Structures are given as C-alpha cells and as structure tokens.
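*Asks:* For reference, the structure I am asking about is given below.
The values are calculated or read from the model by the stated rules, or taken from the named source; none is laboratory data. Being a predicted model, the structure only gives us computed values, none of them experimental. Every residue, glycine as well, gets a Cβ built from its backbone with ideal geometry; the counts of neighbours run over all protein chains shown.
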Amino acid sequence: MSEKIKISEAPEGHAGPGFFATSLDSVVGLARKNSIWPLPFATSCCGIEFMSTMSSHYDLARFGSERLSFSPRQADLLMVMGTIAKKMGPVLRQVYEQMAEPKWVIAVGACASSGGIFDTYSVLQGIDRIIPVDVYVPGCPPRPEQIIEGVMRIQDLIGKESVRRRNSKEYQQLMEEYLVK
Ligand code: SF4
C-alpha cells in the first residue's frame, strides 16, 4: 500500500491472534464520522467560503465529506451558511425535520450563529432559535480552515456519540423543546 494512503486509526479494544474486540459505539462512531453527507443550506456570502472549502485547494473530501446532498433524506449533516431571514425559518426547520436520524447541525459564520451584523426585525438572530445546533463556526465570513475545523469538531462529536443517544429521554426532551416532529 502506498505510504500516501492513510487509513483511520482503529478504535480502542483488545486484539489477539485472529480477533479484535471493541465496543459497538466505537465501530459505529468510526464509520459515521468518516462518511458524513453534508447538506449545504447556503443563503449568502458564507456559502461562497464553503465553495472554496469544497474545492481542490482545501479539499473537504479528505474528511469523507465530499458527497454533498441537496436532498435532506440523504444527508446527515446540515450546514447552515448565511443570513437566515425569519421568513426562511420555517423552510430551514422543514429541511431539518426531513433529515433522518442521526443528524447533526453546524452554524457556519456569524449570521447563522447569531444574526451577525443584521440586528434587525427581519433576520433570525441565530438558527438555534428554531433548530438545535451542535457546532458553531465564528467569523464573518469564516475562512475555509475554520469551516474545516467545524467539520472536525463534528467528527469528534459523532465519533464519541453513543448509539443509544437518539432514543434517550434527554434527546426526546430536546426535540420537544424545539417542537421538532
Ligand atoms: S457571517 Fe458575514 S460573510 Fe457570512 S453570511 Fe453573514 S454577512 Fe455574509
């Protein structure tokens, strides 16, 4: 095998001749975190930074995330990039609801995270007012390196998430708080 090809590190476990034992959480986490299918919900300038992040120079494909999905049902990472007007809020929520579990959300840039410079009646002051957010990427706009950092933080979360989390009472409660169906 070429030395240039890197493979993911094996999870912690017990190895012996002809066997390797580890936890189900570790194996599922390893598979999930290296095969994220992002749905780019880009409404303005931060989306342009994301285009750069996807391009050959920054190459998000290195993280197993090159397969963008514009269909919510085939995506597990919602990346919200840009100013979200209040009128757009119900659309964003519907996209989130259409994504199958397990799913994660990154708010990319100041607008998605907090409304940014648009402290005005028509702009949603952060998408976490309508959907739960896992990682916030600061900046106006964030550089591609920051967006990659956000994806890596999501990978950390995904890799450590228990397969039981989505059925837990705490998670159900979180969804109820956001009135997510
Ligand atoms: S955070 Fe800045 S760069 Fe990003 S969408 Fe808002 S105004 Fe544009």
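*Asks:* Condition test on Phe63, is it away from the ligand (no atom under 16 Å from the Cβ), loosely packed, with under 13 Cβ neighbours inside 10 Å and among the aromatic types (Phe, Trp, Tyr)?
*Replies:* Against the criterion (away from the ligand (no atom under 16 Å from the Cβ), loosely packed, with under 13 Cβ neighbours inside 10 Å and among the aromatic types (Phe, Trp, Tyr)), Phe63 does not qualify.
*Asks:* A further question on this structure: Do you know which residues across the range 26-60 are among the acidic types (Asp, Glu) and buried (at least 20 other Cβ atoms within 10 Å of the Cβ)?
*Replies:* Listed by number, the list holds a single entry, Glu49.
*Asks:* Looking at the range 115-142, I want the residues that are closer than 12 Å to Thr83 by Cβ and among the hydroxyl-bearing types (Ser, Thr, Tyr) and have a partner that is surrounded by fewer than 18 Cβ atoms within 10 Å (Cβ to Cβ) and at pLDDT 95 or above with Cβ atoms under 7 Å, at least 6 apart or on another chain. Which pairs are those?
*Replies:* The qualifying pairs are Ser122/Ala85; Ser122/Lys86.
*Asks:* A further question follows. Quick one: would you say Asp134 is among the acidic types (Asp, Glu) and more than 16 Å from the ligand (Cβ to nearest atom)?
*Replies:* Yes, satisfied.
*Asks:* With Lys181, Lys87 as the choices, which residue is in contact (Cβ under 8 Å) with a residue 60 or more places away in the chain, surrounded by fewer than 12 Cβ atoms within 10 Å (Cβ to Cβ) and more than 17 Å from the chain's Cα centre (by Cα)?
*Replies:* Among Lys181, Lys87, only Lys181 is in contact (Cβ under 8 Å) with a residue 60 or more places away in the chain, surrounded by fewer than 12 Cβ atoms within 10 Å (Cβ to Cβ) and more than 17 Å from the chain's Cα centre (by Cα).
*Asks:* Kindly list the number of the only condition in (1) at pLDDT 95 or above; (2) of a type outside the set (A, V, I, L, M); (3) out of contact with any Ser or Thr (no Cβ under 9 Å at 6 or more places or on another chain); (4) away from the ligand (no atom under 16 Å from the Cβ) that fails for Ser114.
*Replies:* (4) is the only condition that Ser114 fails.
*Asks:* Is it the case, given these coordinates, that Phe41 is touching a Gly at 6+ places or on another chain (Cβ under 9 Å) and without any contact (Cβ under 8 Å) to a residue 24 or more places away in the chain?
*Replies:* For Phe41, the condition - touching a Gly at 6+ places or on another chain (Cβ under 9 Å) and without any contact (Cβ under 8 Å) to a residue 24 or more places away in the chain - is not met.
*Asks:* Applying the selection to the range 7-25, what residues are surrounded by 11 or more Cβ atoms within 10 Å (Cβ to Cβ) and within 30 Å of Ser71 (Cα to Cα)?
*Replies:* Hits for the range 7-25 are Ser8, Asp25.
*Asks:* Between a residue in the range 90-110 that is within 16 Å of Leu179 (Cβ to Cβ) and any residue that is within 16 Å of the ligand (Cβ to nearest atom) and aromatic (Phe, Trp, Tyr), which pairs come within a Cβ distance under 8 Å, given they are 6 or more apart or on different chains?
*Replies:* Leu92/Phe41; Val95/Phe41
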